[in-house]
1. Can you run phi through the Karplus equation (6.51, -1.76, 1.60; θ = phi - 60°) for the stretch A:59-74 and list ³J(HN,Hα) in whole Hz, with x for Gly and Pro?
2. Per residue of chain B, what 222 nm ellipticity follows from adding -39500 (n - 2.57) for every DSSP H run with n ≥ 4, rounded to the nearest 500?
3. Given a 1.4 Å probe and the protein chains all in place, what does the accessible area of B:MET22 round to, in Å² to the nearest 10?
4. Of the candidates A:ALA210, A:ALA156, A:ALA21, which one comes out as most mobile in a Gaussian network treatment of chain A with C-alpha springs shorter than 10 Å?
5. Indicate the gyration tensor shape class of the stretch B:54-104 (rounded, prolate or oblate), computed on the Cα atoms with a ≥ b ≥ c the square roots of the eigenvalues: a/c under 1.5 is rounded; otherwise a/b larger than b/c is prolate and the rest oblate.
6. Averaged across the residues of A:91-98, what count of C-beta atoms belonging to other chains lies within 10 Å of each residue's C-beta?
7. Counting Lys +1, Arg +1, Asp -1, Glu -1, what net charge surrounds A:VAL28 among other residues with beta carbon under 12 Å of its beta carbon?
8. What number, rounded to the nearest 500 deg cm²/dmol, is the helix-based mean residue ellipticity at 222 nm of chain A, given -39500 (n - 2.57) per DSSP H run of at least four residues and division by all its residues?
Amino acid sequence: MAYDIAVIGGGPAGLSAAVQARQRNKSVVVISGDDRDGPIYKTERIDNYLGLPQIRGPELLERFRKHADSMGVERKTGRALNIMQMNGAFYISIGSDMAQAGAVVLAPGVARGVKYPGEAEHLGAGVSYCATCDGMLYRGRDVVVVGRSSEAPEEANFLQEIGCRVTYVAPREPEGLHGGIPFVKGVRIEVLGEKAVTGVRADGRELSCAGVFILRAAIAPTDLLPGLALRDGYVAVDRDMAASIPGVFAAGDCTGLPLQISKAVGEGLVAGHRAAEYLDKHK
Amino acid sequence: MATLHFNKEGFDKAISAGGITMVDFWASWCGPCKMLAPVIDDLAGRYEGKAVIGKVNVDDEQALAGEYGVMSIPTVIFFKGGREIDRKVGVMPADAYTAILDANL
């Protein structure tokens, strides 16, 4: 499906960008994971959002969401895995799905590219970020799911259903995990193996496996878009919220401090406007 | 020329032919594979007569995927003289593939 603008992230920055772009009559899709992974959802009370003192985080998010829905913003649930640019369009893969857009707004929140020891070396050699893509290749074998998002238990269940022998590793035991999937508490993770993955070390305990699915809430922008410039670890943007790649804009926590809702909403507005203008100029 | 779709037999024939062969291991359940498909098709047209470019559906050809250690899709493997000379895992821009093709024509 082709849209004018694809927004990566369904928090305040992403939804603000989406609403502004809809006001400019652009078709918009917001790609985001589970709301429960967003910092706003976890905030019991917000005291510094202008005009709405003492509002609860989930309630504010729900209002943002409804506003976006009422403007005709489309949503896709899932994790954006890659973005590729070809012939002036951006192609975004989301699990087994794909979307096409003329411009992209990155608003995934703070998603740093910090990886576990052994992770980058084994990418494609046992390390995977997509259970739906690669699960079938591990049927009948031992896999470890490193659960770092609210959707990870569902993906672990999927892997078990298609015939993988799954062990679930996370800092806390999640809800919704199928019976028969052992849970192992693990904060410090290391991927083991020479050429291919042979195991995972979780807080010192070794788990033998052929594959490890590392399921974070969001993929870091520099992994989505190789070559994207950073500044102090955040996505580098100018006053138009334009990132270093033409047609790519960024807003919210991914661009840097302060990590606040008002700032995210403001940056989202600028990014939404400028992305719409970019499309008008390049059509 | 359209992209070739290999079964085991066609695959063996293509890679043993001697010239450069580029094979995309993919599946229909994989979003990144769908994203890569137009790139592969474009290259098949651009390199017609110079390189053999095809695809293997890992769902249909599980043994082939296993034989070549495909652990994540898409994986694109390059063969010359019947031997693997390089591979690229994940979605890459077209240049990543053309660089290897051009160096081995």
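1. 5, 5, 4, 4, 5, 4, 4, 5, 4, 4, 4, 5, 8, x, 6, 8
2. Computed mean residue ellipticity for chain B: -11000 deg cm²/dmol.
3. Solvent-accessible area, nearest 10 Å²: 0 Å².
4. Of A:ALA210, A:ALA156, A:ALA21, the most mobile in the Gaussian network model is A:ALA210.
5. On the way: a/c = 2.35, a/b = 1.45, b/c = 1.62.
Oblate, since a/c reaches 1.5 and b/c is not below a/b.
6. Average per residue, whole number: 6.
7. On the way: positive: A:ARG22, A:ARG24, A:LYS26, A:ARG75, A:LYS76; negative: A:ASP4, A:ASP69, A:GLU74.
Cβ neighbours under 12 Å give a net charge of +2.
8. Taking each H run of at least 4 residues, the total per residue is -7000 deg cm²/dmol.
The values are calculated or read from the model by the stated rules, or taken from the named source; none is laboratory data. In this text the structure is predicted, and so the values were computed from the model without any measurement. Positions of Cβ are generated from backbone atoms using ideal geometry, with glycine treated the same way; all protein chains shown enter the neighbour counts. Surface areas here come from the heavy atoms of the whole protein model, side chains and all, with no ligands, DNA or RNA. Shrake-Rupley method; radii C 1.70, N 1.55, O 1.52, S 1.80 Å.
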